[in-house]
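The structure under discussion appears below in the form of structure tokens.
The values are calculated or read from the model by the stated rules, or taken from the named source; none is laboratory data. Given the structure is predicted, the values throughout are model-derived calculations rather than measurements. In this analysis, Cβ positions are derived from the backbone assuming ideal geometry, glycine residues included, and neighbour counts consider all displayed protein chains.
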Amino acid sequence: MYEAVAMSLPKVYHRFSLLSLHTTTSPILPKTLFFSSSSLPLAVKRLHSPPLLRPQSRRFVAGKQFKAKSTMVSSRFHHLVPVNALTAEDGGNGTGSNGAADATASVAYDDDVESASVTGYRLPPFEIRDIVDAPPLPALSFSPLRDKILFLKRRSLPPLSDLARPEEKLAGIRIDGKCNTRSRMSFYTGIAIHQLMEDGSLGPEKEIQGLPEGAKINFVMWSNNGQHLAFSVRLDEDDGSSSKLRVWVANVDTGKARPLFESPDVYVNAVFDNFVWVNDSTLLVCTIPLSRGDPPRKPLVPSGPKIQSNEQKNVIQARTYQDLLKDEYDEDLFEYYATTQLVLASLDGEMKPFGPPAIYTSMDPSPDQTYILISSTHKPFSFVVPCGRFPKKVELWKANGEFVRELCDLPLAEDIPIAFNSVRKGMRSINWRADKPSTLYWVETQDGGDAKVDVSPRDIVYTQSPAPHDNEQPKILHKLDLRYGGISWCDDTLALVYESWYKTRKVRTWVISPGSEDVNPRILFDRSSEDVYSDPGSPMSRRTPAGTYVIAKVKKEDDGDTYILLNGSGATPEGNIPFLDLFDINTGSKERIWQSDKEKYFETVVALMSDQKEGELSINELKILTSKESKTENTQYYLLSWPEKRACQITNFPHPYPQLESLQKEMIRYQRKDGVQLTATLYLPPGYDPSRDGPLPCLVWSYPGEFKSKEAASQVRGSPNEFAGIGPTSPLLWLARRFAVLSGPTIPIIGEGDEEANDSYPQTKKMLSFRPFNQRYLIQTWRATFAKSLKHFLENRSWIKFGESETKQTIMALGN
């Protein structure tokens, strides 16, 4: 028996019963099988602060940039995110229902048979509610000197009053006008500090004191010397809304916090950027201009008709965007909320304006704290593209507020082609070299930004001093035939430059010597981005005294060669087995100095911890932070020290949902009709005994993925030993309701050669109501998935009976 009960963008959810198909009665099932795939927005900032670890967080973001492959079953993040890269994770210390509904809301439970007649918000069954409402584990942030750890406390879900706040949908973003921030911004509820002892253990907890009751904390940032924290605070007001943000600072040694500004009228404008440490005692803050009045009022009568013209008769194919500006009133409203007055504020209370008011979008101090790179946007705005395409000005200022020069003023970019790898014309990716006091670098396209234009080189990387002499031209650092993808800096003898091309999935890594023009660049790695088995890993970075991150060089005793550390996921046909290699950058030889246990545990290298000293690191003094988890044990963090490779556990987080501690997990493998090898993860409820408990309903959670070859599509991704992380939108919640869950059955959509994955999709027959994936591959995958699922249960639970004809009908229903 099969019944499709939910089909909702951007995921597809199916339920089928493992009861005998000859049974005339159906099991009693929960009434609601809809899962929200939305998540709270994150305010992305630069990657300069120390890393943030999030031991348990589940976000399901669907879309091209965020591929939701096996996120719902991963209990950890596979890379570090700086603490200032997030507004906060969903979390906290609330009581009762932490967010499903307000205390005053009318609610009904799915367990209540009469709930269908209740008009109000529906709460999930208690088994699910207990998991969702449980306070999540704190987020972690290490100090710049690696001697202290912040525990950033969170609540599980926001209340409905937060989600119900009015929001302004302007220029592709959503703004909470009351707070002057992005809407629906999550937050931390408290900050605790732990000393990291020499033996790797944690000292006693020190709570940050002096915060107002009910403080909502965002944008936590360490000062470069690790002595102070800066963060924003907002409070709930009597009408249920939140106040505007104020900047607070805390002394790490004493734990005492206070407002940065003495005046209560200085608030943070966090629509784009917020604040940044210029040096150890000064912050540059985006503030709401004191002279700003009330928001503009919408006129009753428009100033005129909406007119769009194409006088030059250019044919421009554009993508579809949401929340765009619609008229002059929207333009005025966007400018009102986004305009910022920069203020330079010191810890001793001094403050002064920095530049004129403008729509500032980013602030980036140079490593030597002499200059600040400032980006802004300005009119003319657009009604057809979001604010990221608006005119962009990049200027260079001194840290004392003195204007130096304008680097570029890019025009409105409404004509960027929709082809993948198409980019904006002019200077882009303007940044500071991480290994130099104050040296700029950027990229300029040579194909007019159009990926369809065949030209060589396609991108050129330039570098220049911040204050060049008269007639001094930018220096060409490197030329690329594919699209530029970033640079990992080390020193004048070593940097790694990345390029890629979506259509062929090709990725290349170049080795260059930035300080030596006579050393020719050479290709280090040339591979397909889809071939995870050949991934050599990424170079590990070390922190510099200036607070930037560069490639860590490692030395052996009595060995003059240059080594770097490659941290890899270690994809294999048996699943991921992460590793750490000592890699000779000159010869390409490598030595595996660490590898995850593959029998029971899933371990990963998280960060380098022995980077307090300048220069090369001795292999015998190496310290790394690792994570360790298993199917039933949640993630814990360890400090691993060489040469003995002694592991010291530094966290002891309790199991986040002990009621599911003994859930059963199994990776199953099967083959599609066209020969593609597929995998899925089967979860069964804790203590499930088929002979005692009988058959189970099963929830299938899946999403297609695009590939260029069958070989790449057949590769195994993920590990069978990963901890089953369960968030508020996870399908695994239904294990608490005694469901089986088939999670992440792979659905490869393949476009080989010059074809793309969806080129052969029949437009006249829309199989699903969302993205048009190739129908043939969908049908073949579902047939293989359900055939394997039925066979798996038949082989292992002989008491289950299926009717052959009904099974065929189920497969056909999926195909149609």
Checklist entry - Quick one: in the stretch 161-196, which of the residues that are more than 21 Å from ARG389 (Cβ to Cβ) and in contact with a helix residue (DSSP H, G or I) (Cβ under 8 Å, 6 or more places away or on another chain) is modelled with the lowest pLDDT? => result ARG184
Checklist entry - Which of the residues belonging to the stretch 358-375 are farther than 16 Å from LEU407 by Cβ, buried (at least 17 other Cβ atoms within 10 Å of the Cβ) and not polar (S, T, N, Q)? => result ILE359, PRO367
Checklist outcome for this item: Checked against (1) more than 28 Å from PRO658 (Cβ to Cβ); (2) not in a loop (DSSP other than H, G, I, E, B), LEU639 satisfies every condition except (1)
Item to check | Matching residues, the stretch 538-572, being farther than 30 Å from PRO720 by Cβ, surrounded by fewer than 19 Cβ atoms within 10 Å (Cβ to Cβ) and free of Cβ contacts under 8 Å to residues at least 60 places away in the same chain | outcome: ASP558, ASP559, GLY560, ASP561
Next on the checklist: For the stretch 215-237, check the following and say yes or no: at least one residue is more than 23 Å from VAL276 (Cα to Cα) and in contact with a Lys or Arg (Cβ under 9 Å, 6 or more places away or on another chain).
Outcome noted: yes
Checklist entry - Which condition does ILE128 not pass, out of (1) surrounded by fewer than 19 Cβ atoms within 10 Å (Cβ to Cβ); (2) in a helix (DSSP H, G or I), if it passes all the others? => result (1)
Checklist entry - Regarding ILE307, is this residue over 27 Å from PRO545 (Cβ atoms) and assigned to a strand (DSSP E or B)? => result no
Next on the checklist: Restricting to the stretch 540-565, name every residue that is touching a Pro at 6+ places or on another chain (Cβ under 6 Å) and in a strand (DSSP E or B).
Outcome noted: ILE551, ILE564
Checklist entry - Can you tell me which residues in the stretch 163-184 are outside any strand (DSSP E or B), charged (D, E, K, R) and touching a residue at least 60 places away in the same chain (Cβ under 8 Å)? => result ARG165, LYS178, ARG184
Item to check | GLU574, sole failed condition from (1) modelled with pLDDT under 95; (2) under 24 Å from the mean Cα position of the chain (by Cα); (3) more than 26 Å from ASP559 (Cα to Cα) | outcome: (2)
Checklist outcome for this item: Result of the Cβ filter at 6 Å on the stretch 316-338, keeping first residues that are more than 22 Å from PRO305 (Cβ to Cβ) and partners that are β-branched (Val, Ile, Thr) and modelled with pLDDT under 95, at least 6 apart or interchain, is GLN317/ILE418; ARG319/ILE418
Item to check | Every pair of residues 6+ apart whose Cβ atoms lie under 8 Å, when the first sits in the stretch 136-162 and is under 12 Å from VAL220 (Cα atoms) and among the small types (Gly, Ala, Ser) while the second is in a strand (DSSP E or B) and at pLDDT below 90 | outcome: ALA139/LEU52; ALA139/LEU53; SER141/PRO51; SER141/LEU52; SER141/LEU53
Next on the checklist: Could you check the stretch 478-537 and list, in sequence order, the residues that are free of Cβ contacts under 8 Å to residues at least 40 places away in the same chain and touching a helix residue (DSSP H, G or I) at 6+ places or on another chain (Cβ under 6 Å)?
Outcome noted: ARG527
Checklist entry - What do you reckon, is PRO295 free of Cβ contacts under 8 Å to residues at least 40 places away in the same chain, part of a loop (DSSP other than H, G, I, E, B) and surrounded by fewer than 18 Cβ atoms within 10 Å (Cβ to Cβ)? => result no
Checklist outcome for this item: If we keep only residues of the stretch 730-780 that are within 25 Å of the chain's Cα centre (by Cα), in a loop (DSSP other than H, G, I, E, B) and modelled with pLDDT of 75 or more, then the residue surrounded by the most Cβ atoms within 10 Å (Cβ to Cβ) is THR746
